[in-house]
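Notes follow once the structure below has been shown.
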Amino acid sequence: MTVNTSDAVNMPDENSDSRFFAGQGDLKENIRDKIRDERVVEAVLFTMGRSVDLKQLAAALESTKEEALAAVKSLMERYATDASAMQIIELDGSYQMCTKPEYYNELIRVAKVPKRQVLTDSILETLSIIAYKQPVTKAEIENIRGVASDYAVNKLIEYGLVNEAGRLDLPGKPILFATTEEFLRRFAVDSAKNLPQLDTDREAQILHEVEEEVGFKFGFENLEDTEDNITGENGIFNESDGNDIS
């Protein structure tokens, strides 16, 4: 008897079905792993109460830095879109959980308010030079400003905004100064490399004023090294005395 193949019924392929369900199982497992990774990162950041670098997060997850970064970035996005009072901020490659700034006024009603740290024009000027030229010696700061900067530098160190970042390989081994993680936190910058760009006209004006005051011309390759009073995106740096950064 001849069988008409066109009328044959296609029977299910058991191997194909098993591969399909295995794939579904792998997908669900990957989703569970992703959710757990985010929860672990969330737990670590909440418990530590300070910035945590990727090496530590990877150790907690028993994973690679790349996997830890993926988890923290996903968590950052969720906190940014959720109706949450918390946020996760990046601080030069480390991450910290903190409250969103819009809840500050409510928090200070019950939380202890830290002592206000006031930045005068001279201190802001010094901080601006360090931020844009770092690492920099005190002699370089004073050459740019035209005045002694011991008090301003010491105050910035006291406030935790600046620290010693090594020594220059020159006679006397002068100390190099750079901004700190606290500087990034206070001024809402994720990295010193991402500081606001300076206005070219303002840079030229400042350079001219500094040259007149100091009495010689600077051979800087980049005018941004001479900024003496910088205005950030959020208006944090300004020209009035008694600038409050708390």
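Quick rundown of the values:
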| read-out | value |
| --- | --- |
| Surface/4 of the Cα convex hull for the range 23-103, nm² | 5.8 |
| Amide hydrogen neighbours beyond the local backbone of residue 95, cut-off 5 Å, H modeled | 52, 53 |
| Karplus-derived 3J(HN,Hα), 6.51/-1.76/1.60, for each residue of the range 127-144, Hz, glycine and proline x | 4, 4, 4, 4, 4, 8, 10, 4, x, 9, 8, 5, 5, 5, 4, 5, 5, 6 |
| HN-Hα J in Hz across the range 89-101 - Karplus 6.51, -1.76, 1.60, θ = phi - 60°, x for Gly and Pro | 10, 9, 10, 6, x, 10, 9, 9, 8, 7, 7, 6, x |
| Summed side-chain charge close to residue 167 - residues other than residue 167 whose Cβ falls under 15 Å, Lys, Arg +1, Asp, Glu -1 | -1 |
| For residue 176, residues with placed amide H under 5 Å, excluding near neighbours | 165, 166, 167, 168 |
| HN-Hα J in Hz across the range 47-63 - Karplus 6.51, -1.76, 1.60, θ = phi - 60°, x for Gly and Pro | 6, 5, x, 8, 6, 10, 7, 5, 4, 5, 5, 5, 5, 5, 7, 6, 9 |
| Distant-in-sequence amide H partners of residue 86 (H built 1.01 Å from N, under 5 Å) | 100 |
| Given 133/155; 73/133; 34/100; 138/173; 100/133, the pairs whose alpha carbons are separated by over 20 Å | 73/133; 34/100; 100/133 |
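A short reminder: the numbers here are calculations on the coordinates, not readings from a lab. Just so we're clear, the structure is a prediction, and the values are computed from it rather than from any experiment. Heads up, the Cβs are rebuilt from the backbone with ideal geometry, glycines too, and the neighbour counts pull from every protein chain shown.
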